[in-house]
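The values are calculated or read from the model by the stated rules, or taken from the named source; none is laboratory data. What you are looking at is a predicted structure, and each value in this text was computed from that prediction instead of being measured. As a convention, Cβ positions derive from the backbone with ideal geometry for all residues, glycine included, and neighbour counts pool all protein chains shown.
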Amino acid sequence: MSIRKSSARKLLAATVAALCSAAFSTQAAEVALARLDCGGQPEPVSVASFSDTMEHAQLKLPLTYSCYLIRHGDRYLLWDAGNAVDGTPRAPKVSIVDQLARIKVRPEAVGFVGVSHHHADHTGQLASFPKATLLIGQGDWDMMRSAEPPAGMDAKDFATRRAPFAPWISAGAKVEPLTRDRHDVFGDGSVLMINLPGHTPGHHGLLVKLEKTGHVLLTGDVTHFHENYRSDGVPTWNANRADSLASLDRFKKLAANLKATVIIQHDPRDVAKLPVFPEFAK
């Protein structure tokens, strides 16, 4: 055997071994999920306002704002970034950064920030993680990077909504606009962003596979309360009603087929489905 062939075979063997090792490492990564407190509405809100068919006209319920930290081995994904810590009534009392400090996770350790959609109650603390790769639906990213507000939105509101995205719009931070049906965040199928348009053009939910708990589905804003979830309620401000209903139908079928734990991010009745931070579901 020539020296050249021997070297080539050794290189091939080393490459295969490295790939196998990487695959094994990825498969073996422990996945864990925790809920972070990202604010709350000071007064109960009308459930009817979250449905364009005027159902539940007399019902008022508390509204909560939740963010989530997914730990994948020694890597992290922050899902949604809640309300800004700005002293307003619905602002969280403790920032995401300070909550993460309790488990000794610094902002720069968060490799990915996935946002379900561009609304301010899901992006308020986004700019605290400028080193992270932003994962966002293409439709929402197109809106946020546009110089002009979309139809029906005034310039001041649009500027406020874009502000948390500044590190990615103008400062060169890494962004991955998502165009496919699902996005495999860590490459092993354990954490998937699912395309669920309707609430906004690029709206997504999150599917997390945990070893002990099983599958967990985070809604984003595909629905807001148990009542709307059961009756397919669509808020009047959703971008597209037909897409909203199709996405909600898909979400329900995913939940049924996977026997998933459904967590409606704005419904305080679902907060107890996960351990109290700093504990994680595994």
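Here are some notes:
- Leading residue by the ranking (nearest to residue 83 (Cα to Cα)) among those in segment 153-164 that are among the hydrophobic types (A, V, I, L, M, F, W, C) and surrounded by 15 or more Cβ atoms within 10 Å (Cβ to Cβ): 163
- Among the residues of segment 215-260, the ones that are among the charged types (D, E, K, R), in contact (Cβ under 8 Å) with a residue 40 or more places away in the chain and outside any loop (DSSP other than H, G, I, E, B) come to 4 in all.
- Candidate set: segment 165-187, residues that are basic (Lys, Arg) and assigned to a loop (DSSP other than H, G, I, E, B); chosen: the one surrounded by the most Cβ atoms within 10 Å (Cβ to Cβ): 174
- Some residue of segment 42-52 being among the polar types (S, T, N, Q), more than 25 Å from residue 174 (Cβ to Cβ) and surrounded by 18 or more Cβ atoms within 10 Å (Cβ to Cβ): yes
Okay, residues lined up against (1) among the β-branched types (Val, Ile, Thr); (2) crowded, with 19+ Cβ neighbours inside 10 Å:
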| residue | (1), (2) |
| --- | --- |
| 61 | no, yes |
| 73 | no, no |
| 88 | yes, no |
| 96 | yes, yes |
| 99 | no, yes |
| 105 | yes, no |
| 116 | no, yes |
| 122 | no, yes |
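- Selection count where residues are among the β-branched types (Val, Ile, Thr) and either assigned to a strand (DSSP E or B) or touching an Asp or Glu at 6+ places or on another chain (Cβ under 6 Å) (or both), scope segment 116-153: 2
- Filter result for the condition that a residue is among the aromatic types (Phe, Trp, Tyr) and over 21 Å from residue 240 (Cα atoms), over 225, 158, 165: 165
- Some residue of segment 221-232 being buried (at least 23 other Cβ atoms within 10 Å of the Cβ), within 27 Å of residue 128 (Cα to Cα) and among the hydrophobic types (A, V, I, L, M, F, W, C): yes
Each row is one residue, and each column tells you yes or no for (1) without any contact (Cβ under 8 Å) to a residue 60 or more places away in the chain; (2) within 17 Å of the chain's Cα centre (by Cα); (3) surrounded by 14 or more Cβ atoms within 10 Å (Cβ to Cβ).
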residue: 119; (1), (2), (3): no, yes, yes
residue: 130; (1), (2), (3): yes, yes, yes
residue: 133; (1), (2), (3): yes, yes, yes
residue: 146; (1), (2), (3): yes, no, no
residue: 149; (1), (2), (3): yes, no, yes
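- Of the numbered criteria (1) touching a Gly at 6+ places or on another chain (Cβ under 8 Å); (2) modelled with pLDDT of 95 or more, the one residue 44 fails is (1).
- Where a residue in segment 173-195 is closer than 17 Å to residue 282 by Cβ and its partner, wherever it lies, is buried (at least 18 other Cβ atoms within 10 Å of the Cβ), with Cβ under 6 Å and at least six apart: 186/72; 190/31; 191/70; 191/185; 191/208
- Selection within segment 178-232 - among the β-branched types (Val, Ile, Thr) and within 22 Å of residue 142 (Cβ to Cβ): 179, 185, 194, 200, 222
- The residues of segment 70-83 that are without any contact (Cβ under 8 Å) to a residue 40 or more places away in the chain and either under 24 Å from residue 227 (Cβ atoms) or not charged (D, E, K, R) (or both) amount to a single one, 76.
- Cβ pairs under 6 Å, 6+ apart, first in segment 39-53 and under 10 Å from residue 233 (Cβ atoms) and touching a residue at least 12 places away in the same chain (Cβ under 8 Å), second assigned to a strand (DSSP E or B) and of a type in the set (A, V, I, L, M): 47/61
One line per residue, one yes/no per condition, for (1) surrounded by fewer than 24 Cβ atoms within 10 Å (Cβ to Cβ); (2) under 19 Å from the mean Cα position of the chain (by Cα); (3) closer than 25 Å to residue 112 by Cα; (4) not hydroxyl-bearing (Ser, Thr, Tyr):
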{"position": "198", "(1), (2), (3), (4)": "yes, yes, yes, yes"}
{"position": "206", "(1), (2), (3), (4)": "no, yes, yes, yes"}
{"position": "210", "(1), (2), (3), (4)": "yes, yes, yes, yes"}
{"position": "239", "(1), (2), (3), (4)": "yes, yes, no, yes"}
{"position": "251", "(1), (2), (3), (4)": "yes, yes, yes, yes"}
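- Looking only at residues in segment 133-157 that are in contact with a helix residue (DSSP H, G or I) (Cβ under 9 Å, 6 or more places away or on another chain) and hydrophobic (A, V, I, L, M, F, W, C), the one that is nearest to residue 78 (Cα to Cα) is 134.
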